[in-house]
């Protein structure tokens, strides 16, 4: 075995990833509960930071009143703190300077602990949210995915979760610090002089009314920005997945104009939101200046009249600045809070989405299938008035090769999709081994079905990983044998790194025939009792088609196989053929009996072989 074979390894899934929870409303407490220890430590750090803020002006007051102006220490906790200094001014100054350093150290350590812990919690909550959202998106049915835009879902997994993380990291404990600081400052200011405090707080009602008014408008503007960003990202995702079509039809300039238009709308929405956000801080600053002028004017009047010491006025002004600072901070956080609230709403929308195809409450694990498939008067539509299937009944015995043929758009692929419960019928039953497939869990049902699709999808990764995708625990010899049976081994070992060769996104670095044979190898290594082939030879040249057909013949042995076919020559040897037309099964039989009948199948075959219309 070559070195490249040995070096290729399958990436195992993260076994620590939890099972996806059922759809439902996610409460904020559920996000924070696993991290309560770090949050408790962060809260303690916040309290330390707040105390440092509250105590910071006091040494200044002591120096001004008791050192520079030779006043005796007033009774209280300050006098108790400086009691060892007595009346010695230098001793009092030394203690005051030590207090300044001590308060600064407490504040610095608390600030570091607060930032570190909140960043850690924010990162892990973002991880939890991202995982929950990813799990929910994966488990939405194809109906929900058909109604959603890829870019919008990507935006919710990235930008919206980043906004929530930013709120936790920068705003959540910032709000707590601001509120605690505000309460502490107001309490001490009342203790010093209640009249000053009432004058200082006289502007607060006006401030909070303005903040409330602007917060509502900022939230509305943030919602518009988020919506426009999702539209922009959806357009980019759509273009990237269709780049071959864009270049084939030389529509680059059209896509440029469309992107430019969407980008301009995004810019306009962002500027409108920014204009709204930019108005709030200056208004708050003006209100704060008015409050400061009122206090300063009243305080200066009392000092000149000898009714107030200079130190008390200075410390009060310092506290006033510290009281207004959290008010300013709270007003500035409206943007972060609004963005996080809108983002959390968008995340909730996905988490609360209930897939229309899901495990029923009484669903059980599917036993090993023999492979008998039955449709009993099945009807289905995609929510429109047009019936895709109408009262379809058919039966495929274990080990049979069955084919479904018919004009385009008659429901052939839908029949295959109903077997694996990508969709559920509006009426009737789809049964495997006599049991309605809705009585099985989705995973246990799909674990026993393999697909080879017309649009062969490969993931960015090694060829080895792509073959073993459906069975990552497969032994190396099984994976190599599957590649050999799929006629893929020879071209794989001739690649630069053999099985370790990286495949481009969607397999674009491989030819159509090579992608199809890797998909067949993926189905072989899965070794499931039911096999569904959706036009497996479409779009291949003669040599590739021959190699694929040989591989399929090996793959179908001993399995119940359903082939969706347009080229009727590929299903000549099927055990049973179902002809679908106008949403109904109109003919059933073998290739020879259907030709002899001279009906729909015979006419389709005649058109393909002779070109007659």
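Every number in this text was worked out from the coordinates using simple rules, so none of it is lab data. None of the values given here were measured: they were computed from a predicted structure. As a convention, Cβ positions derive from the backbone with ideal geometry for all residues, glycine included, and neighbour counts pool all protein chains shown.
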Measure nothing fancy, just the Cα-based angle from helix 542-556's long axis to the longest principal axis of the chain, in degrees from 0 to 90, nearest 10.
90
Please report the spacing between the Cα centers of region 362-401 and region 480-504 in Å, no decimals.
35
Between region 102-133 and region 256-289, how many Å separate their Cα centres?
29
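Applying a 10 Å radius around every beta-carbon, put 472-480, 555-563 in order of their mean neighbour count, most first. Working shown, then result.
Details: 472-480: 15.3, 555-563: 20.1.
Answer by packing, highest mean first, reads 555-563, 472-480.
When averaged across all projection directions, what area in nm² does the alpha-carbon convex hull of region 28-351 cover?
Values: hull surface 84.4 nm².
One quarter of the hull surface, i.e. the mean projection, equals 21.1 nm².
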Taking other Cβ within 10 Å of each residue's Cβ, how do 435, 63 sort, fewest first?
435, 63
Relative packing of 293-300, 345-352, which averages over residues the other C-beta atoms within 10 Å, highest first:
345-352, 293-300
If you count, for each residue, the other Cβ atoms within 10 Å and average over each peptide, how do 256-262, 548-554 line up from highest to lowest?
548-554, 256-262
Over the alpha-carbon set of region 418-484, divide Rg by the Kirkwood Rh and report the Rg/Rh ratio to two decimals.
1.07
